[in-house]
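The values are calculated or read from the model by the stated rules, or taken from the named source; none is laboratory data. Predicted model only: the values in this text are computed from it and were never measured. When we count neighbours, we look across all protein chains shown, and the Cβ atoms used for this are built from the backbone with ideal geometry, even at glycine. Keep in mind that these areas ignore ligands, DNA and RNA; they rest on the heavy atoms of the full protein, side chains included. Shrake-Rupley method; radii C 1.70, N 1.55, O 1.52, S 1.80 Å.
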Amino acid sequence: MTGFSYQLYSSRNFPPLEDTLEMLSKLGYNNVEGFGALLEDVNPREFRTLLDKINLTMTSSHVGLDLIESDPQRVIDITKAIGIEKVYGPYLLEEDRPKNTEDWIDFAKKLKGLSQPLIDAGLGFGWHNHDFEFLRLEDGQIPIEVMLSEFTNLEIEFDVAWCVKAGRDPIEFIKKHNARITAAHIKDIAAAGECADEDGWADVGYGIVDWPTIYDALKASGTKLFIMEHDNPNDHNRFASRSLASAKSF
């Protein structure tokens, strides 16, 4: 994997999709990352043809756990048709989140079971974190550590900014789990009081995250897939272009 990828969730509020893909290709991206609703809406073979026409690939995607659990063969068929090599579980709603260490162990066991058909089909499977996986439980355990310990071949798509939001040191996590981090979201946090209309997120290189240092640590650890993401940009062209320029300067 060379160059930088782009999480298409960042542009969900800027249809049509084909225009977004053409914009990203012209800006210099060569890869994009999918998300659950997008994959379920497109015809995978037609979408692959569109990506080929625009000179983009999609090697990774978020896929909702409900679909993975209910119809793993459909997930396999979609990913194989598009060319996706790695699937990441994206999120747990607050009401679905485990409350204690035992619950997190059970969740990791569930992930291991439901992902097995995908792994057997040759797909990589991992988890994309938010902040809550880094917040200590009552017994002092950290959920992401519990997951990695219980599910020993679980990959991580490391969302660095959410780790920072949780008050954790991303460098420490990278050093400890380097081989498990197969992808990273390049996302930035605005300074206090800034970018309120963008939920406090910033274009990469325009926030408070020490991305040059973290990027070097990730590269040294063997991470190969770097994906630009912003949860709520008010201008996705500005975000995509400025963030790519910043990332190329790391």
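Per residue, the average separation of C-alpha pairs within less than 8 Å and at least 6 apart gives the chain a relative contact order of 18 percent. Net length available on complete extension from Asp66 to Ala191 is 41.4 nm, with 0.36 nm assigned per residue and the Cα-Cα distance removed.
Helical runs assigned H by DSSP (4 residues or longer) give the chain a calculated mean residue ellipticity at 222 nm of -13000 deg cm²/dmol, each run adding -39500 (n - 2.57) before division by the residue total. Full extension of the segment from Asn30 to Asp216, taken as 0.36 nm per residue of separation minus the current Cα-Cα distance, would add 64.9 nm.
Per residue, the convex hull spanned by the Cα atoms of the chain amounts to 122 cubic angstrom.
Remark: the chain carries 44 Å² of accessible area per residue (probe radius 1.4 Å; ligands, DNA and RNA excluded).
With the charge dipole of the chain set up from +1 on Lys and Arg Cβ and -1 on Asp and Glu Cβ about the Cα centre, the Cα lying farthest toward the positive end among the listed residues Ser243, Pro143, Ala161 is that of Ser243. Mind checking the log10 I(q)/I(0) for region 75-216 at q = 0.09, 0.11, 0.17, 0.19 Å⁻¹? Debye, one equal scatterer per Cα, no solvent, two decimals. Summing over Cα pairs of region 75-216 leads to -0.31, -0.46, -1.02, -1.19. Region 175-250 and region 41-96 have Cα centres lying 22 Å from one another.
Less than 5 angstrom separates the built amide H of Gly83 from none of the residues sequence-distant by 5 or more or on a different chain. Across region 188-241, the fraction of Cα-Cα pairs farther apart than 15 Å, rounded to a whole number, is 51%.
Here the chain has 47 percent of its accessible surface on carbon and sulfur atoms, given a 1.4 Å probe and all protein chains in place.
In this calculation the C-beta distance from Lys176 to Arg97 is compared with R0 = 25 Å, giving a FRET efficiency of 0.65.
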